[in-house]
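Undergrad: Below are the structure tokens for one structure; questions will follow.
Each reported figure results from applying straightforward, stated rules to the coordinates on display, with no laboratory input. Please read these numbers as outputs of a predicted model, since none were measured by experiment. Here the Cβ is made from the backbone with ideal geometry for all residues, glycine too, and neighbour counts use every protein chain on show.
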Amino acid sequence: MAGCVVYVHGRGGSASEAEHYRGLFKDFDVYGFDHKAQSLREASAEFPPYFNELRCRYDEIILIANSIGAYYSMYTLGEGVISRAFLISPVADMEGLIIGMMKACGVGEEQLRNEGIIPTPFGEELRWEELCYVREHPPKPFAPTEILYGDGDELSSLEAVERLSRELNAGLTVMKGGEHWFHTPEQMAFLDNWISSLM
């Protein structure tokens, strides 16, 4: 059996972004995982079956996951499912993001606990279940992992990403001038060189 690469997009992204990686992995089948998860619970139901089915067909699965896609992947994929992971701008402090949204919306913990789910004006949902889960379950190593972080990332601090890299026993590369969304020609060239240098 051959190997495959699975690209997992972030929020607002698309599985078609996987096309970018075909040139880097010429000997691999490349897939974009068009997941629909909007919460960790939904990802827990959606991610393992998809990857387990690929595990039956391929000896090697390389994960390239972006932002919330990286977050869902590292929480839902157990050891032995994938061979290597490249996480681009992973959401590194979900608890901090949730608490920040709560403060911005004037929602306290007691209110969120009582209501369970509270919609926000900016299109996200505050979920008590998710807040409890991330507090009770720190990420654990699930595969040999490398993290790429832009020092201009507005969603995760360098401190949070460094903590995540320690929790995952992952390598960490920081791009000066990088953003949460790697999209400029310079940023994409840096990303490509990062992956190529680690393969």
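Undergrad: Between the range 169-199 and the range 109-128, how far is it from one alpha carbon centroid to the other, in angstrom?
TA: 34 Å
Undergrad: Shape of the range 112-199 from its Cα gyration tensor (a ≥ b ≥ c, root eigenvalues): rounded if a/c is under 1.5, otherwise prolate when a/b > b/c, or oblate?
TA: In terms of gyration-tensor shape, oblate.
Undergrad: Oh, and also: Need the full-extension length gain, Thr173 to Leu198, defined as separation in residues times 0.36 nm minus the C-alpha distance. One decimal, nm.
TA: That works out to 7.9 nm of additional length.
Undergrad: Tell me the GluC sites (Glu not before Pro) within the range 54-150 that lie in a loop according to DSSP and have at most 13 other beta-carbon atoms within 10 Å. All intermediate terms of the calculation are to be shown ahead of the outcome.
TA: Values: sites: Glu60, Glu79, Glu95, Glu109, Glu110, Glu115, Glu124, Glu125, Glu129, Glu130, Glu136, Glu146; in loops: Glu79, Glu124.
In loop regions of the range 54-150 (DSSP not H, G, I, E or B), the sparsely surrounded GluC sites (Glu not before Pro) are Glu79.
Undergrad: Write out the trypsin sites (Lys or Arg not before Pro) in the range 93-199 meeting two conditions: DSSP loop, and at most 16 other Cβ atoms within 10 Å of their Cβ.
TA: Lys176
Undergrad: Angle check, please: helix 158-167 long axis (alpha carbons) against the longest principal axis of the chain (alpha carbons), in degrees 0 to 90, nearest 10.
TA: 70 degrees
Undergrad: Determine the gain in length on full extension of the stretch Met188-Ala15; use 0.36 nm per residue of separation and subtract their C-alpha separation, reporting nm with one decimal. Write out the running numbers ahead of the final one.
TA: Numbers: separation 173, 0.36 × 173 = 62.28 nm, distance 1.69 nm.
Length gained between Met188 and Ala15: 60.6 nm.
Undergrad: Please state the relative contact order of the range 46-199 as a whole percent: Cα pairs under 8 Å, 6+ residues apart? Don't skip to the answer; put the middle values down first.
TA: Working: 221 pairs, mean separation 33.5, N = 154.
In percent, rounded to a whole number, it is 22.
Undergrad: Which value in nm describes the separation of the simple spin-label points at Arg135 and Asp151, placed 7 Å from the Cα toward the beta carbon?
TA: 3.5 nm
Undergrad: Loop-only chymotrypsin sites (Phe, Trp or Tyr not before Pro) in the range 92-160, please: DSSP not H, G, I, E or B, and at most 14 other Cβ atoms within 10 Å.
TA: Details: sites: Phe122, Trp128, Tyr133, Phe142, Tyr149; in loops: Phe122, Phe142.
Here the sparse-neighbourhood loop sites are Phe122.
Undergrad: Tilt of helix 185-198 relative to the longest C-alpha principal axis of the chain, in degrees (0 to 90, nearest 10)?
TA: 70 degrees
Undergrad: What is the extension gain from Glu159 to Arg41, computed as 0.36 nm multiplied by their sequence separation minus the C-alpha to C-alpha distance, in nm to one decimal?
TA: Working: separation 118, 0.36 × 118 = 42.48 nm, distance 2.66 nm.
Length gained between Glu159 and Arg41: 39.8 nm.
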